[in-house]
Structure formats: C-alpha cells, structure tokens
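Have a look at the structure below before the remarks.
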2 protein chains.
Amino acid sequence: MSAPTAARAGDEDRLARAALSRVVEPGDHRVLRLVRELGAVTVRDALLAQRGQAPAADVAARLAEVDPHAELDRAARTGLRFVVPGDQEWPSGLDDLARPEPLQHRGDVPLGLWVRGPLRLDALHSAVAVVGARSATTYGTRVAGDLAAAVGRAGLPVLSGAAFGIDDAAHRGALGAGGTTVAVLACGADRVYPEAHRSLVEHLAATAAVVSETPPGGAPTRVRFLSRNRLIAALGRGTVVVEAAVRSGALNTANWTERLHRPLGAVPGPVTSAASQGAHQLVRSGAAAVVTSGQEVLELVGRAGEALVDEPRAPARPRDRISARQRVVLDAVPVGRGVGSDAVARACGFGLVETGAELQRLRALGLVDGDAGWRLTDLARRDRPEGGEP
Amino acid sequence: MSAPTAARAGDEDRLARAALSRVVEPGDHRVLRLVRELGAVTVRDALLAQRGQAPAADVAARLAEVDPHAELDRAARTGLRFVVPGDQEWPSGLDDLARPEPLQHRGDVPLGLWVRGPLRLDALHSAVAVVGARSATTYGTRVAGDLAAAVGRAGLPVLSGAAFGIDDAAHRGALGAGGTTVAVLACGADRVYPEAHRSLVEHLAATAAVVSETPPGGAPTRVRFLSRNRLIAALGRGTVVVEAAVRSGALNTANWTERLHRPLGAVPGPVTSAASQGAHQLVRSGAAAVVTSGQEVLELVGRAGEALVDEPRAPARPRDRISARQRVVLDAVPVGRGVGSDAVARACGFGLVETGAELQRLRALGLVDGDAGWRLTDLARRDRPEGGEP
C-alpha cells in the first residue's frame, strides 16, 4: 500500500466508500441504507469483522483484498475522480434518493460517483434529462435533438445515457447548440458501451463529464442499468421522455423521476408508432405532462415564473383587423352561391342600410365579392378558421 | 295557406318553431333562451305583435310572411322532417345546451333540427363525435378512419361535419366498418357543402341522417358553423379531436364538449406537425384526455366499467419464464466481454457454487454463453428491455 495521493489525510470516509464501491453492487439499497445511517467507515469495519462468517463471508473476504488508496491512485492516473457526499461538487439532488422505496431491488443514495471530465457535478442541479428508446425513429431522434438543443441554448446541461437512439440524439443535439451534456453510464466511467459511441463518450469526458456508480472497469449489466436510471432521474431538475416503447428502460427512469417528485414530461408522437406508446401511457396515467417544444421543456423544469411558454398562435389574419360589426356581417356572407344584401342582413341581424354599408367596406378590403350576389372572396376563404368552417 | 300535412293538429309549437327557424339565426342564444323559457308560440306571437316597431320590425315583418305549414310541407316533399323538443326522437342531449354560457355569441337549445334520413335522432345519445382539421395529414385521416371504424364496430354511431379531411375520414371509416354515421351541417340539410362530398352526404341521408339547425336552402356561413359545432358536441356521448391546428373549428367543438361536461379526447401526433398542435394544447391545458386507439375512445365515452382498456403490453420474453433467482444471475452477466463465474457471483450477490449452477441452467436455456467467460447470448440481448439497458 503506497502513500495516498488521491485521498487526503482524514479522508477515511472516502477510502471506505471507495473500498465498498468495489464489493457492493450499484443501487444495493440494503447496504446503501446502512452506509447512509451508520456511515461508510462503520459499515466497512463491520463487514471486515465478519470475515469467515456466513452470510457475509464472501463480501468480507473481497473487501479485505481491496486497497482503496491504490484504487483511487489508479483512477486518478486514468483521469477519474471519486466524488462522495460532503465533496463541494457532490450533486445534492442525489440525496433525495434516500426517500423513495426501492424499485426493482435498486435504490438509495450511491456510495459515490466515479467521474471523468472537467464539469463539476453540482452544475447538474439545473440539468434536464432527455431519455428514450434505443430503437428510436427518425422522428424521435429529430425531436430529442431539437429539445436537447433548446435546453443547451438556455444554458442548462443535458443528462442522458450513452445508448443508441434517443440518448445519442440528445447528446448530439446539445453539443450542436454549444450546450453542456453529460452521460451517466452503467459500466465503469473508464469504459464505453456501446463501443460505437467511443468518440462521443470521449468527447463528453473531454468537455463535460462521464459519470458512473460502477467502479472503473465494471461491465454493463442489467442491474447496473436499472441502478443508473435512478441517478439520471436524481441528478437533474427534471426528465423528458421522448420515445419509449411499452417495456422500456426510459419508463424506469420516468418512474424514478415521478418518485422523486421531479417534473416529468413526455413527448407525444404518432399513435401508430410503437415507439411512442410508452410516452402516451405516461401522459394517460397522469405521470407526465405533454411537452411539444424546447420552450415547453424549459417551462416544465423552470422555477415558477421562469420560461413561461407563449402558447403557439396562428398568424394574424385579415379578419383580425376589421371591426367586430364588420366581422358579424362577414360571418353572415356565404361561401358558395352569392346572396342578396337582404339575406345577409337577415343572417347578421343588422338593418339593410347598415349591412349594405359594411358590405361595401368589406368589398373594399377584398373580403367579399358583390358581382353576382354577395359571397366570400378567396382571400376571406383562405382566411377562414381551420376545421369545419367553410 | 293549404291544409297542414306535416304538422299534426295541435302542433302549434312545431309550427311556431318552424316559422321562427326561418327568421332566427342558428344559435341565436337570446331568442332561443326566450323560446325555452316562454315557449315558441309566445315568442312568435310577441314578435308578430311588434310589426312596424323598431328594433324587431324587420324580423317581425319577415316572420309574418312565413307560412310554416307550407315550410313543413315543402320539407316533407324533399324528404326532410323537422324534429322538435317533445318529439319521441328528440335527442335529449341537446337540452343540456340550456346550461353553458354562450360562446362567440352562439348557444342554447336549437328550435329544432331539420333531418334527412331514416335514423331516429335519439339513437345519437350513444354517438361519438370525431372531428378535426380540414387540412388533415395522411396520418390524421388514417387515425380518424381507424378510430371511427372502432366506434362503428362497437355499435355506436359516429358524428361529424361534412368537411374535407378528418370529417370525411371519420364517416368513411365508420361506413367501412359497417357502422352508422351522421353528418351535422352548417347549411340546410337539403344542401351539400362542399360539393365534392355530394355522394357521401347523399349516402348518409339514405342510410342514417343528415342534420341541420339551418332551415332548408340555407347557406353555410361562419356563424352557422360555430352554431353547428355546439350541436356536434351536444348530440353525442363525447368528442374526439384527431387533428386540429391552433386556430381550429374543431377546438370550438372541443370547447363546447368541455362546457357540456362530456368526455373529450385528443389524439396526439408528431410535435413537428402543425396539424396536431391544437390537440396537444387540449391535453396540456387539461381539457382533453390522450386517446391513442379505438379501445381508448370507447373507454373514454364508456359508462363506468364498460370498455375498460387493457394497457398495451409487450410480448412475453424468455426472461419472463425463468425463476427470480435466475433473473438475478442473468442480470449480472455482462453484454460484451465475458467474465468469470466469480465476477458474476460478486455482481449478483449469490455464492460461487449457486451462481455456477444457475449459469449452467441459463446456458441450457440459451440465455448465456460460457465459451470465453460468461456473457449474454444474442437471444438474451434481444430479450433485454428497451431503452437504456444493454
């Protein structure tokens, strides 16, 4: 055991957490709860004291073999740091993981996070998680990229995994907008899965951060993905699900977001697309709000009064510029066959003289045609409201 | 004035309503309210008494010229009937229009409905209105047709307008499924607008019903479309908006549906499609529930316990058929590089012997490969949950 360099003097808690990180699976809520309640040093020592005794014999034996100084040294040499509770950059959102019940046997506050990259993790308190299906559609990847770009342009970091599909599109969208984007991995933060995303993950490690609860070298397993999902939900300010099939890891992340009482949004899509079924279920169940634009995502995760959305409005139309009386007359003019002024007067309820005068003004505006009885012009017809009107 | 044939003896109320229908615009809530509170005969007589006196002089003069017997005779000769409150087939849902405040100066219970077709209007109490944009997308028309077909197959009538786009698709979808479908028009029930839908409207008149508040011969005007929309909302059991731009007549129908406290559904679509913006707004505002399938539409309008939806589930997977302990072991096996039994044992938390035995069983099931360390097979990888997991 060489002199500790990564661990500072008195950093017994960090060393205990690093050692436990080697023998405790990510998201093992039983051990994590003990660590949270008793402290890492106490739990480590208690485990070590059980060497040779069932049922903890195996864990204790492995724990005895771990040299946490060497672990931290080796991590530091490969550009990794181990961020633990109490560190200045500790992302305090993770502490909220102490509250919810376990989900699929995973839960609680991690021992620490293995991090590669220059970004301080406490910057993630304003991050937005953008998650979804690996087998995304071109629609989904386009929307994920657009939403992540809007988040990036607003100066908020994006959080996602490193999978194909939505994760990939979210990182690239944020990067394209000059934003900060962070990958939370199920494998060790020194590894890349899938291999096809090596250059993406290396870029995130060089410019922002790549984060994992799994110690360096660790392989991606299903339990580690399930554990990882709770971190994505807990690190940021809220989560947006872009596409998710019915049985989807993104729904697991959504579930954690809901359990943490963080804002959860879901992007609708074609009802004919299986990739959008999960998102629609989240909305139907009341778990998620519908989000359809970057502005709406910012509104979703914004603090009160921040980023309030202007609901989309149609462009101004000629009929917006005429008087209320003129509109009443205009609305009484038929689309097809022309009719006499008397018929229009009857339909609008004004007198014949007044109706005639307004019809002349509407003709001057190009909205009605009086050549063969009064009827709407093409301009007025184009101007008509959508959806059922003539 | 010839002998009344369409009006039966003592049918003074029907005659008064027919006469008023000629001089009162559809949805004129001031007059309709008086009729509802004082009776049609009283209102007609009061108006007639004001002949020559402003401001009702014009209406009174026109009313004096109307021969309601002749109106009803002429209607009957062209296959039209005038259905009024108190008639056996009067669709009682319309009476609910007495409650909401006017919207865009339109409202209240109509004087009566001019109807062409064999369907009794009281059959519409179980109808579902399917409405949306004229300028619908192929996506929207496909979904409208599918939903209307599901409604038709369930034995419920479909209600819509007669416009291009969603209205058209809804009728054709219902007809294709052998369903009953009814058009509510803004022009007279003897007319067709747009002309391109003549054969569709004639088919509905021959097989079900074409309905209008506007008297025979009346032209389609904007106020009549706005008045018509409240009837679509009030006639049926609920309304589904398939596609609607931000400024859309379908949103007016949706608004009436909400004001009548009837179920309102909206079909999501691509957020990149302007045609779906209105539907998404309805969901975001809390006015409408998301509906994504015919079953969900039936659930929306169903009485409690009717047509409960089975949420879509993914097909069963091999991992559904293994034991819980085997799943824990399987979930600890990495995707990429193979690892030793000891690594899997550590990750899953079981002893080495037990882990080894479960790995052999999983190998026999074709889920893990032990040739170069333990790793998931293609079968297990295909079987993995969507969205973030390996």
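Readers should treat all values here as calculations from the given coordinates under stated rules, not as data from a laboratory. Bear in mind that the values here come from a model prediction, so they are computed numbers and not experimental data. So basically every Cβ, Gly included, is an ideal-geometry build from the backbone, and we count neighbours across all protein chains shown.
Contact order for chain B, expressed relative to its length and based on alpha carbon pairs under 8 Å spaced 6+ residues apart, stands at 12 percent. With a 10 Å cut-off around each Cβ of A:222-230, the average count of Cβ atoms from other chains is 5.
Once the Cα-Cα distance is subtracted from the 0.36 nm per residue extended length, the A:Leu103 to A:Arg198 segment shows a gain of 31.2 nm. Annotation: the antiparallel percentage among DSSP beta bridges lying fully within chain B is about 40. The H on the amide N of B:Thr180, modeled in the peptide plane, is under 5 Å from the matching H of B:Val158, each at least 5 residues off or on a different chain. Quick one: Cα centre-to-centre distance for segment A:252-292 and segment B:317-357, in angstrom? Result: 31 Å between the Cα centres.
Applied to segment B:347-360, the Karplus parametrisation 6.51 cos²θ - 1.76 cosθ + 1.60 on θ = phi - 60° returns per-residue 3J(HN,Hα) values of 5, 8, x, 8, x, 5, 5, 5, 4, x, 5, 5, 4, 5 Hz, with x for Gly and Pro. Chain B's nearest residue to the axis relating it to A, judged by Cβ and reported with the distance in whole Å, is B:Pro268, 2. Sorting A:249-258, B:172-181, B:193-202, B:140-149 by their mean Cβ neighbour count within 10 Å, with the most densely packed peptide first, gives A:249-258, B:140-149, B:172-181, B:193-202.
Each peptide in A:63-69, A:107-113 gets a packing score, the mean of other Cβ atoms within 10 Å over its residues, and the list from highest to lowest is A:107-113, A:63-69. Our coupling estimate for segment B:143-150, obtained by passing each phi through the Karplus curve with A = 6.51, B = -1.76, C = 1.60 and θ = phi - 60°, is 5, 4, x, 5, 5, 5, 5, 5 Hz, Gly and Pro reported as x. Measuring between their Cα centroids, segment B:137-156 and segment B:199-217 lie 21 Å from each other. Segment A:16-65 and segment A:66-117 have Cα centres lying 15 Å from one another. So who's got an amide H within less than 5 Å of the one on B:Val291, skipping anything under 5 residues away but keeping other chains? H placed 1.01 Å off N, in plane. Residues meeting the criterion, in which the H sits 1.01 Å from N, are B:Ala266, B:Val267. Between copies, the label points at B:Ala49 (set 7 angstrom from Cα along Cα-to-Cβ) are spaced 10.1 nm, reported in nanometres from shortest to longest. Roughly how tilted is helix A:68-77, in degrees to the nearest 10 and between 0 and 90, from the longest Cα axis of chain A? Roughly 50 degrees between the two axes.
Peptide A:126-137 shows a mean partner chain C-beta count of 2 within 10 Å per residue C-beta. Helix A:166-176 sits at what angle to the longest principal axis of chain A, using alpha carbons and giving 0 to 90 degrees rounded to 10? The helix A:166-176 is inclined about 80 degrees to chain A.
Taking the longest Cα principal axis of chain B as reference, the axis of helix B:249-259 is set at about 90 degrees.
Taking θ as phi - 60° and the Karplus parameters 6.51, -1.76 and 1.60, the scalar couplings of segment A:30-43 work out to 5, 5, 4, 5, 4, 4, 5, 8, 10, x, 5, 5, 4, 5 Hz in sequence order, x denoting glycine and proline.
Beta bridges per DSSP, both residues in the protein assembly as shown: antiparallel share near 40 percent. Peptide B:202-209 has a mean of 0 when you count, residue by residue, the C-beta atoms of other protein chains within 10 Å of its C-beta.
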